1. Compute the angle between helix 71-99 and the longest alpha-carbon principal axis of the chain, please, reported from 0 to 90 degrees and rounded to the nearest 10.
2. How large is ³J(HN,Hα) for each residue in the range 110-125, as worked out from phi by the Karplus curve 6.51 cos²θ - 1.76 cosθ + 1.60 (θ = phi - 60°), to whole Hz, x for Gly and Pro?
3. Can you run the Rg to Rh ratio on the range 2-103? Use alpha carbon positions and the Kirkwood inverse-distance Rh.
4. Here are some pairs, K3/K159; K15/K208; K3/K24; K34/K154; K24/K154; which of them have Cα atoms lying more than 30 Å apart in this structure?
5. Using Cα pairs under 8 angstrom and six or more residues apart, how large is the relative contact order of the range 26-175, in percent?
6. Considering the values [x] 53, 49, 28; [y] 58, 50, 30; [z] 79, 53, 40, which represents Cα extents along the principal axes in Å as calculated for the structure under consideration?
7. Near N179, within a Cβ-to-Cβ distance under 10 Å, what is the net charge of the other residues, with Lys and Arg +1 and Asp and Glu -1?
8. Relative to the longest principal axis of the chain, what angle (0 to 90°, nearest 10) does the C-alpha long axis of helix 2-13 take?
Amino acid sequence: VQKACNDIRLLAMRKEIEEPFEAKQVGSSAMPYKRNPMRCERATGLARYLISLASSPLMTAGDQMLERTLDDSSNKRIVFPEAFLTADAVTTILHNVFDGLVVYPATIAAHLDAELPFIASEDILMAATARGGDRQELHERIRRHALAAGRRVKQQGEKNDLIDRLRRDPAFAGLDFSNILDPHRYVGLAPQQTREFIRRVARPLLAKINVSEIRRATLRV
């Protein structure tokens, strides 16, 4: 939960996804434009607290002298109720977040276009080498072009022009850049792993639940 919510918060900073935002919700009393990820912040704090609760029973178990003592009683009377109440609150928040999660594909595509030339540089190197080029020489050419493109992006705020630079370089003439720059080449086994998780884990669990009886999670933010 903590990692998932932190990832959402980071992606929200990049304006790629956002948690639900109510029509009259105020992000900041001083800055009207703000849309703070209040739900994920709350879930992160509660998840951190829940993680800390797990250490108390472990320490209690380690302190049980010989057969057992009764110093576990006062501890678990607090820890167990707090843990279940916290877990319930966290899952309620998560239900609300994922039920109304907003994704911005155009922004994601723009960020991908900006970084994809760098990501694809290894495949460009391999493709040019396969056509008979010297790997070390090609590596050096890509390195110089990439550093120049990086300076253009970071120092001038301009668009990443690495591919344009490589297209003009005779050493990379004839390469099928459109194929090399297909984003699907760089996702690895993520699609297969996702489908496998849904088939083997998610669907069997959902089959045990009457989804129609699940109440919509509501929060006050």
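Read the figures in this text as sums done on the coordinates, not as results from a lab. Please read all numbers here as calculations on a predicted model, not as lab measurements. Methodologically, a virtual Cβ is constructed for each residue, glycine included, from the backbone with ideal geometry; neighbour enumeration extends over all protein chains shown.
1. Helix 71-99 sits at roughly 40 degrees to that axis.
2. So the J values, rounded to whole Hz, are 5, 5, 5, 4, 6, 9, 4, x, 5, 4, 7, 4, 5, 5, 5, 4.
3. That ratio equals 1.17.
4. Pairs exceeding 30 Å: K3/K159; K15/K208; K24/K154.
5. RCO, the range 26-175: 17 percent.
6. Of the listed options [x] 53, 49, 28; [y] 58, 50, 30; [z] 79, 53, 40, [z] comes from this structure.
7. -2
8. 50
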